[in-house]
Amino acid sequence: MDKQEKKNMIKVRPGRLARREARMGYVFITPWLLGVLAFLLMPLAESFYYMWFNIRITPLGMKFTPVGTGNFTQIWLENPEFPQQLVTYVWQTIVEVPVIVVFALLIAIMLNQKIKFRAFFRLVFFLPVIIVSGPVMNMLVSEGAATIPSMNVQSVVAAFDRILPSSLASEIGEMFSNMIMILWYSGVQILIFLSALQKVDPALYEAAKIDGGGGWECFWKITLPTIKPMVLLNAVYTVIFLSSNEQNELITMIKNAMFSGTKEKGYGYASAMAWMYALVISLITLLFFLLLGSRKDAYDRAVIKAKRAAKKEKRIQRSIERRSARRARAIKRRIEQKKYREYANHD
Amino acid sequence: MMSKKEMKRKAKEAKAEMKRRNDAEYDGLSFKEKLKKRFSKEKVHRFLFGSKEKDGFLKMFAIYALLICIGFVYIYPLLYMVSTSFMNRDDLLDSSVKWLPSSFYLQNYIDAAKSMDFWVSLGKGFLIAGLPTICNIFICMFVGYGFARYDFRFKKFFMVILIFSYILPRQVTMIPTYVLYNNMKILGTIWSFVLPALFGNGLNAPIFILIFYQFFRQIPKVLIEAAALDGAGHFKTFYRIAVPSAIPAIITVLLFSFVWYWNESYLTELYVQGLSGKSIWTNLVVQLKNFDTSFTSKTATGDTATSLSESVRMAATTLSILPLLLIYFVLQRHFVESIDRSGITGE
């Protein structure tokens, strides 16, 4: 849209009635807004404030001693378990999320076929959603119910150790030894994929079949692009799930630091830990956004390119016009000056 | 008009005719030739690899095999848990007893239930999960309707905050919130769960708001305009038109909210129990988390017949899952179909 068009377009302001109606929207979201203020933004600001202090609980209330970045240096230099766990956690998430998402997609595709006992299989695969709570998982893992005894993990780890850095390899080994847990974490994801798959237009597959496309091709060119937003959604869901899952030792560490009676730890120290943790999670989420976010397809790209070219052309044209106008003015002026001079001379 | 019976008879006749004709084709052929004709190359190929219309045997076989195998892996921990929980001490030590215990030994369950204070914890657990869930349903529906129906300023901004509040780990706001509840004197009571839920900031509330948002966007605007023409105000439109049509979404939110609150032990311990040890509130999952210590103390006072063993712990785990499992088997259809119908994957 160039300037001329913009000028010609009349901007329609919503009428008074529409504006009054829109104001009702605020009434509806007011409870949530208040909640966000009280339970999200204020605590957020406070914990940001806390992390620069050493906080001690006295009978008279909390006593703040400013320590600057002391909490952070302490976490990084004196109590190294937290940073170590953080690194482990990052690797773990990066390894586990793709596995969970791909696995969920596989199961969803299989459940989406025309099979018998579909309801039964769905029942089985959705069952973990209601069971996966921290303590139950801890119990099952500690009693060895989470591993398949006949699976030989050692050889797998050894094989990966040769080709990958050791931290990554150990995470993969960990993943294999807790395979059932990984599978159990994919209940909701399967459901989301399943309902997305059912919404793919069957006419697309029919058209592809007429054009001679096989099942494999259909999957890559129809199914996957259609459900791509769901892949991102599931990846983010999995990251968040893993982060707030009680199997995760980091959150227990933060809680323990919060209530440890020692002099240097406490609310401020725990806040600093929590902020670091939040930063790491946001970075991981961002990573998946960048990897899986909706890239524009070829058509969109072509349109944008054409628009840009048209704009450039217009700009060049305008500059040419301006230049010629300027020249015309200059010539005119020169002629006038000449005339004036002639007139003066004449005089 | 042909009656149903007549139609059935006709179909039968046609079938018999077909068979006769088929048999006629085979008339006068030797057995070998018959066999050859019946199992021709194309037919076998079609049977194994499928045709355009029908999937082949091999593919279906692979799908069933995979589903059954993975399904078994899914249920394996549960089977292990249940079978172990019925074993007595001798069975545990006897290596010949693997899956089926030698006798139906219930003492584990009795002891575990006693140690967990089963009935009390169950009732309190229902309250802890149920009350916030009800608040969640009403408030999230209200807010979701506001987001879906009205176009107010800063709507996009608020939506971003909504998603942000989901991605942000709870640990960041946990400490100031704890202090806040402490100052409000609601720490260690169920209010510390109900209050945030009342203001739309309960556990996973952003997801529920988004579910309702998606759902209400699908309601045709004409319907709402018609209600307005008939003289319904904003709130009346909400509870006379939006709420009754949102029943699938309500069921989804009800089930998920209940399950997530039920399985939450980290925050329950922190807020509802208050970590002071004086609170009367507890639920089964928290009891399971502290099972080892509480059981040992019970054993010390001679309240239990068995000592802490694998099977007692598994019995406790079974007990803590059991209520949800029963609910799941009763309502499984709603669980599995809920996400389809509520359009969680609309965008």
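The values are calculated or read from the model by the stated rules, or taken from the named source; none is laboratory data. Since we're looking at a predicted model, the values are computed, not measured. Positions of Cβ are generated from backbone atoms using ideal geometry, with glycine treated the same way; all protein chains shown enter the neighbour counts.
Of the residues making up segment A:28-47, not a single one is within 26 Å of the chain's Cα centre (by Cα), surrounded by fewer than 16 Cβ atoms within 10 Å (Cβ to Cβ) and assigned by TED's automatic domain parsing to the domain that holds A:GLY187. Might you check whether a residue that is more than 30 Å from B:ILE219 (Cα to Cα) and among the β-branched types (Val, Ile, Thr) occurs anywhere in segment B:146-162? No; the residues of segment B:146-162 include none that is more than 30 Å from B:ILE219 (Cα to Cα) and among the β-branched types (Val, Ile, Thr).
Among the residues of segment A:324-336, is any of a type outside the set (D, E, K, R) and in contact (Cβ under 8 Å) with a residue 24 or more places away in the chain? For segment A:324-336, residues of a type outside the set (D, E, K, R) and in contact (Cβ under 8 Å) with a residue 24 or more places away in the chain: absent. If you go through segment A:221-257, how many residues are of a type outside the set (Val, Ile, Thr) and within 16 Å of A:ASN112 (Cα to Cα)? Summing the residues that are of a type outside the set (Val, Ile, Thr) and within 16 Å of A:ASN112 (Cα to Cα) in segment A:221-257 gives 2. Of the residues examined, A:PHE103 is one that is in contact with a helix residue (DSSP H, G or I) (Cβ under 9 Å, 6 or more places away or on another chain), surrounded by 16 or more Cβ atoms within 10 Å (Cβ to Cβ), aromatic (Phe, Trp, Tyr) and closer than 22 Å to A:LYS228 by Cα. Scanning segment B:72-98 for residues that are more than 20 Å from B:LEU322 (Cα to Cα) and either of a type in the set (Gly, Ala, Ser) or surrounded by fewer than 12 Cβ atoms within 10 Å (Cβ to Cβ) (or both) turns up B:LEU93, B:SER95, B:SER96, B:LYS98.
Please state which of the following conditions A:ALA302 fails to meet, knowing it meets all the rest: (1) in the same structural domain as A:GLU78 (by TED's automatic domain parsing); (2) hydrophobic (A, V, I, L, M, F, W, C); (3) at pLDDT below 85. So A:ALA302 meets the others, but not (1).
Looking at segment B:129-166, which of its residues are more than 22 Å from the chain's Cα centre (by Cα) and closer than 28 Å to A:PHE259 by Cβ? Answer for segment B:129-166, where residues must be more than 22 Å from the chain's Cα centre (by Cα) and closer than 28 Å to A:PHE259 by Cβ: B:PHE164, B:SER165.
Counting only helices (runs of 4 or more DSSP H) wholly contained in segment B:75-161, the ones carrying 2 or more residues that are farther than 30 Å from B:THR268 by Cβ occupy B:89-93, B:118-149. Of the residues making up segment B:71-85, those that are within 7 Å of chain A (Cβ to nearest Cβ) and over 15 Å from B:TYR105 (Cα atoms) number 7. Considering segment A:276-330, and only residues there that are in a helix (DSSP H, G or I) and of a type in the set (Ser, Thr, Tyr), the residue that is surrounded by the fewest Cβ atoms within 10 Å (Cβ to Cβ) turns out to be A:TYR299. With respect to A:ASN256, is the statement that it is out of contact with any Cys (no Cβ under 6 Å at 6 or more places or on another chain), surrounded by fewer than 15 Cβ atoms within 10 Å (Cβ to Cβ) and under 29 Å from B:ILE167 (Cβ atoms) true? Criteria met by A:ASN256.
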